[in-house]
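Notes follow once the structure below has been shown.
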Amino acid sequence: MRLVVFYEKPFCAANAKQKQLLRSSGCSLIERNLLEHGLDAQTLRSFMGDKAVAQWFNPAAPQIKKGLISPERLNESEALALLMRDPILIRRPLMMIGSEKLCGFDTQRVAELLERDIEPMVQVNCMEKGCLEKRAE
């Protein structure tokens, strides 16, 4: 059984589906609230790997959808400061599988790290499911 540390937004339909896929692939999860992650900037940065700065951001975040933030115009330090200040902007989930850290759910990469096939991720529109409006109590 593989242990996965899974940073999610509570009530997110996509994150719920991702956790279900991981569990059905034989993983055990440690779930963490991404909105209250408690990570320092250096640790948060380590999840981003070699992704372009714009890929660090959740394109469904309200500020991005409204055009208030343009991730492609930010440098690394500006982006990291925004993500630390407003974690809803972080592309999710953040995951740690063994010593590997991931930002976003890349099915192929997750399968490689788990050394097993996993079911392809069905696209879930969080806006339709209302997960952006729900808050953890």
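The values are calculated or read from the model by the stated rules, or taken from the named source; none is laboratory data. Just so it is clear, the structure is predicted and the values come from calculations on it, not from any experiment. Cβ: placed from backbone, ideal geometry, glycine included. Neighbour counts: every protein chain shown.
What the table below lists for this structure:
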| quantity | calculated |
| --- | --- |
| Qualifying residue in the stretch 68-80 (condition: within 15 Å of the chain's Cα centre (by Cα) and among the aliphatic types (A, V, I, L, M)) | yes |
| Which listed residue, of E119, E137, E31, E115, is among the acidic types (D, E), modelled with pLDDT under 95 and under 17 Å from K9 (Cα atoms) | E137 |
| Test: R92 is surrounded by 14 or more Cβ atoms within 10 Å (Cβ to Cβ), touching a strand residue (DSSP E or B) at 6+ places or on another chain (Cβ under 7 Å), within 16 Å of F57 (Cβ to Cβ) and of a type in the set (K, R) | yes |
| Every residue from the stretch 1-22 that is in contact with a strand residue (DSSP E or B) (Cβ under 7 Å, 6 or more places away or on another chain) and surrounded by 13 or more Cβ atoms within 10 Å (Cβ to Cβ) | R2, V4, V5, F6, Y7, E8, P10, N15, K19, L22 |
